[in-house]
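**Student:** One structure, as structure tokens, below. Some questions next.
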Amino acid sequence: MEHKNISLIIDNHKVVVPEDTTILDAAKSIGINIPTLCHMHLKGTCADNHPASCRVCVVEVKGRRNLAPACSTKCADGMEVKTSSIRVIRARKTVIELMLSDHPNECLSCPKSGKCELQAVTQHLSINETPFSGELSLRKKEMTASIVRNMDKCIYCRRCETMCNVYQSVGALGAVGRGFNTTIAPTFDRMLKDTDCTYCGQCVAVCPVGALTERTYTDQLIDDLENPDKVVIVQVAPAVRVALGEEFGNAPGTIVTGKLVSALKDIGFDYVFDTDFSADATIMEEGSELLDRLSKFLNGDKSVPIPLMTSCCPAWVNFYEHNFPDLLHIPSTARSPQQMFGAIAKNYWAEKMQISRDKLVVVSVMPCVAKKFECQRPEFATNKNPDVDYSITTRELATLIRRANINFDALPKMEFDNPLGESSGAAAIFGSTGGVLEAALRTAYELYTKKPLPKIDFEDVRGMDSVRSATIDLNGFALNVAIAYGLGNARKLMEEIRAGKCKYHVIEIMACPGGCIGGGGQPLHHGDFEIIKARQKAIYEEDRNMPIRKSHENSSIIKMYEEFFGKPLSQKAHELLHTHYSDKTIKY
Amino acid sequence: MAEKLSCSIVDKIKAICDKFDNKPGELINILHEAQHTLGYLPMEVQAIIAEKLGIPVNRVYGVVTFYAFFTMTPKGKHPISICMGTACYVRGSEKILDEFKRTLGIEVGETTADGKFSLDCLRCVGACGLAPVAMVGDKVFGHLQLSDVKRIVKEFSED
């Protein structure tokens, strides 16, 4: 249905907007940013939080008795709005002063300091004292492998609740209690680790304050880097290089791969490797698994699990282990690129370099907080020595670069070390929704048809719609593929599979908006989905610039199979590059 | 956590959900009826309701903790409620409440270990002329004095 346009006046500017536009959006369209702490809408996704609970965005509407919350008041024809009258400023100040009345004054040492939206609004309104001092809200604190909860700092914006319940359909966090005692907590006031939390970190990504943050491992990393007995190596995920620049003032979508490698060398890593290398290995394994399942399926074996679902996203893995114990045979058994890297580094590479396992420290830089949990899974350790020792986020890396006094802008561009640094364009696109599937198609197509791809780019599987599908012609066989991001969408697909109504052969799932580029460990987007889209554009540019664009053409991968694994799905590959899943249903 | 619910109770809770067409919008009505049936809303019951309604358990838990009427602790065999309405309050119902707390060794919202008594407050039973008033089950006691508390507890203890 076509929207009618209406016109109104905001701060003496005439603005024409479609009917149904909120005052907040109308103001934004002419460059007036009304401050808000609770509103958040990733346009094009169901991540839409507008409880109008913070009351920071109030504006004056001519003829209206009370102030209107701009985030949830629709524009009307002929409306006259003032976004910063004396009355508005006074109201906003009082609202913030009341929020500060029970807020812990720990800004100096708060991990969110400098990026805190409450702090920003407080400064914006020039609030220099806290006139109300009330009782402090004291809540249970919790530190999991991935997420730290300090709800004393919570301002009840409900963004985390929207991400956890509406967007991810996980339901680990929700409002509990009433009045001053309200808190955002896991069901039955349990610890997060005893709930269905997948550690996706989307709550962390949208929290305006320091209530939900990632668990940081940078101090442990610095200790290891200082230790002369340790060889410390690092792998960097594809989505990190298109986002890290934002932390240093670069425009969203700036590719900083070369500087990133320089920075890691300056920080003191002995070798700087690339998760893209193991992403190529993932394609070798997962692509082969797909072909194996497909050929059995086409030969009439109806017991073979179809569709094959990707298994790179650790939040998604946690999600199906918790919610779909009856479908654990559906996802690929291939480990994620992070874990394949760890297994390859601590076995193949360590053996080559003659470094003993206990001396080797493998660190990962990830756009993700669930990766912190994933690397601590007991199945990814040998004699309690994990394949990946710990994982830090893109944000933590930025902190580390600043702490090391490195002038990021002035850094020269450097190349990853080899052999675990060589990669293809197929691996680069793992960072975006649709990327893993496209990478798998590039390899599976050529291995299956034994013909070179007529066109490397599978445009049909790209894009930013949260559920997409396409049909690929494999020598006359119509391969139905689907891509989804957001665990709420994944749940719907899983329910279709459970009901026997799924028509797809392969499905890619990523938990975060837009895939890893919108991960819980990335520089904060503050609700601006355009930033994530800019990162996606950069990912495909990175791919186009690569000399090799198919995983099975990566010469270091070919060599590794010759020297160590034999071939994909070999016994050794199964042992080190594949995993198993178990029923982790939560009981109440 | 409460002990496992019997199959018949699970079926009853499911039947209540079915009666309301498993509509998430009927959550409060369903919780009312479930509490009426069971006396309280243990975790397992909330999990069953969430599953039947296709909503996260935390939504159910959020509603249960929001409304003071809902409780997650089983009521005693003899639920005691002290009226805290204006008339009873000015006639000293708080002291009566304190005496019940002392005698039973529990706080408001709790149940004695033997499951005999639970203690709650309520707002006006419409017997202001008898203030201060307490109810035990559906029996009303008026003109209460501190010395009555032990007698009432003793009377029901033997039951």
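**Student:** Quick one: in the stretch A:257-276, of everything that is among the hydrophobic types (A, V, I, L, M, F, W, C) and touching a Phe, Trp or Tyr at 6+ places or on another chain (Cβ under 7 Å), which residue is nearest to A:Ser336 (Cα to Cα)?
**Tutor:** A:Phe273
**Student:** Which count do you get for residues in the stretch A:183-221 that are more than 14 Å from chain B (Cβ to nearest Cβ) and either of a type in the set (Gly, Ala, Ser) or without any contact (Cβ under 8 Å) to a residue 24 or more places away in the chain (or both)?
**Tutor:** Total satisfying the criteria: 5.
**Student:** Out of the stretch B:107-133, which residues are more than 14 Å from the chain's Cα centre (by Cα) and not small (Gly, Ala, Ser)?
**Tutor:** Passing the criteria: B:Asp114, B:Cys124, B:Val125, B:Cys128, B:Leu130, B:Pro132, B:Val133.
**Student:** Evaluate the stretch A:74-81: report whether one residue or more is exposed (fewer than 15 other Cβ atoms within 10 Å of the Cβ), without any contact (Cβ under 8 Å) to a residue 12 or more places away in the chain and either closer than 30 Å to A:Thr218 by Cβ or touching a Ser or Thr at 6+ places or on another chain (Cβ under 9 Å) (or both).
**Tutor:** no
**Student:** A further question follows. Which residue, of A:Ala345, A:Ala370, A:Ala350, is crowded, with 16+ Cβ neighbours inside 10 Å, closer than 18 Å to A:Thr275 by Cα, without any contact (Cβ under 8 Å) to a residue 24 or more places away in the chain and not charged (D, E, K, R)? Walk me through how you get there before you give the answer.
**Tutor:** On the way: A:Ala345 fails: without any contact (Cβ under 8 Å) to a residue 24 or more places away in the chain; A:Ala370 fails: without any contact (Cβ under 8 Å) to a residue 24 or more places away in the chain.
Among A:Ala345, A:Ala370, A:Ala350, only A:Ala350 is crowded, with 16+ Cβ neighbours inside 10 Å, closer than 18 Å to A:Thr275 by Cα, without any contact (Cβ under 8 Å) to a residue 24 or more places away in the chain and not charged (D, E, K, R).
**Student:** For a quick check of your reading of the model, give me the residue pairs whose first member lies in the stretch A:51-70 and is under 19 Å from A:Cys157 (Cβ atoms), whose second is crowded, with 17+ Cβ neighbours inside 10 Å and polar (S, T, N, Q), with beta-carbon atoms closer than 6 Å and at least 6 apart or on different chains.
**Tutor:** Pairs found: A:Val56/A:Thr36; A:Cys57/A:Thr36; A:Val59/A:Thr83.
**Student:** Moving to a separate point now. Examine the stretch A:346-366 for a residue that is under 19 Å from the mean Cα position of the chain (by Cα) and not in a strand (DSSP E or B), and state whether such a residue exists. Break it down into steps so the answer makes sense when it comes.
**Tutor:** Step one: filter the stretch A:346-366 for residues under 19 Å from the mean Cα position of the chain (by Cα), giving A:363-366.
Checking which are not in a strand (DSSP E or B) leaves us with none.
Checked the stretch A:346-366: no residue is under 19 Å from the mean Cα position of the chain (by Cα) and not in a strand (DSSP E or B).
**Student:** Could you list all residues from the stretch A:302-319 that are of a type in the set (Gly, Ala, Ser) and over 19 Å from A:Ala440 (Cα atoms)?
**Tutor:** Answer for the stretch A:302-319, where residues must be of a type in the set (Gly, Ala, Ser) and over 19 Å from A:Ala440 (Cα atoms): A:Ser303, A:Ala315.
**Student:** If the requirement is being of a type in the set (D, E, K, R), farther than 20 Å from B:Leu31 by Cα and in contact with an Asp or Glu (Cβ under 9 Å, 6 or more places away or on another chain), which of these qualifies: B:Lys75, B:Lys101, B:Lys95, B:Lys52?
**Tutor:** Answer to the selection: B:Lys101.
**Student:** Which one of the conditions (1) farther than 21 Å from A:Pro51 by Cα; (2) out of contact with any strand residue (DSSP E or B) (no Cβ under 8 Å at 6 or more places or on another chain); (3) not basic (Lys, Arg) does A:Gly179 fail to meet, given that it meets all the rest?
**Tutor:** Unmet for A:Gly179, out of (1) farther than 21 Å from A:Pro51 by Cα; (2) out of contact with any strand residue (DSSP E or B) (no Cβ under 8 Å at 6 or more places or on another chain); (3) not basic (Lys, Arg): (1).
**Student:** Give the residues of the stretch A:502-551 that are farther than 27 Å from A:Thr36 by Cα and acidic (Asp, Glu), sorted by residue number.
**Tutor:** A:Glu508, A:Glu541, A:Glu542, A:Asp543
**Student:** Here is a follow-up. Can you report the number of residues in the stretch A:105-123 which are surrounded by 15 or more Cβ atoms within 10 Å (Cβ to Cβ) and not aliphatic (A, V, I, L, M)?
**Tutor:** 9
**Student:** Additional query: Among the residues of the stretch B:1-27, what is the count of those that are at negative phi, away from chain A (no Cβ under 14 Å) and surrounded by fewer than 14 Cβ atoms within 10 Å (Cβ to Cβ)?
**Tutor:** Residues flagged as at negative phi, away from chain A (no Cβ under 14 Å) and surrounded by fewer than 14 Cβ atoms within 10 Å (Cβ to Cβ) within the stretch B:1-27 amount to 9.
**Student:** Give me the pairs: first residue in the stretch A:155-182 and under 26 Å from B:Thr71 (Cβ atoms) and more than 9 Å from chain B (Cβ to nearest Cβ), second residue buried (at least 23 other Cβ atoms within 10 Å of the Cβ) and among the aliphatic types (A, V, I, L, M), beta-carbon distance under 9 Å, and six or more apart or on different chains, which are they?
**Tutor:** From residues that are under 26 Å from B:Thr71 (Cβ atoms) and more than 9 Å from chain B (Cβ to nearest Cβ), the pairs are A:Tyr156/A:Ile184; A:Arg158/A:Ile184.
**Student:** How many residues does the stretch A:405-447 hold that are in contact with a Gly (Cβ under 9 Å, 6 or more places away or on another chain), within 19 Å of A:Val272 (Cα to Cα) and in a loop (DSSP other than H, G, I, E, B)?
**Tutor:** Looking only at that region, the number is 5.
**Student:** If you take the residues in the stretch B:49-61 that are more than 9 Å from chain A (Cβ to nearest Cβ) and part of a helix (DSSP H, G or I), which one is nearest to B:Met135 (Cα to Cα)?
**Tutor:** Only one residue tops the list, namely B:Ile49.
**Student:** Still on this model: Within the set of pairs 6+ apart or on separate chains, which have a first residue in the stretch A:20-31 that is free of Cβ contacts under 8 Å to residues at least 24 places away in the same chain, a second that is of a type outside the set (Val, Ile, Thr), and C-beta atoms under 7 Å apart?
**Tutor:** Sorted first by the residue in the stretch A:20-31, then by its partner, the pairs are A:Ile30/A:His13.
**Student:** Out of the residues in the stretch A:287-311 meeting the condition of being in contact (Cβ under 8 Å) with a residue 24 or more places away in the chain and over 21 Å from A:Glu496 (Cα atoms), tell me which one is surrounded by the most Cβ atoms within 10 Å (Cβ to Cβ).
**Tutor:** Step by step, filter the stretch A:287-311, then rank; the result is A:Gly287.
**Student:** Output yes when any residue across the stretch A:85-98 is assigned to a loop (DSSP other than H, G, I, E, B), touching a strand residue (DSSP E or B) at 6+ places or on another chain (Cβ under 6 Å) and farther than 23 Å from A:Thr183 by Cα, and no when none is.
**Tutor:** Scanning the stretch A:85-98 turns up at least one residue that is assigned to a loop (DSSP other than H, G, I, E, B), touching a strand residue (DSSP E or B) at 6+ places or on another chain (Cβ under 6 Å) and farther than 23 Å from A:Thr183 by Cα.
**Student:** Among the numbered criteria (1) surrounded by 17 or more Cβ atoms within 10 Å (Cβ to Cβ); (2) at pLDDT below 95; (3) under 19 Å from B:Leu122 (Cβ atoms), which one does B:Ile96 miss?
**Tutor:** (2)
The values are calculated or read from the model by the stated rules, or taken from the named source; none is laboratory data. Everything numeric here is computed off the predicted structure, so don't read it as measured data. Because the Cβ atoms are built from the backbone with ideal geometry, glycine has one as well, and the counts that use them run over all protein chains shown.
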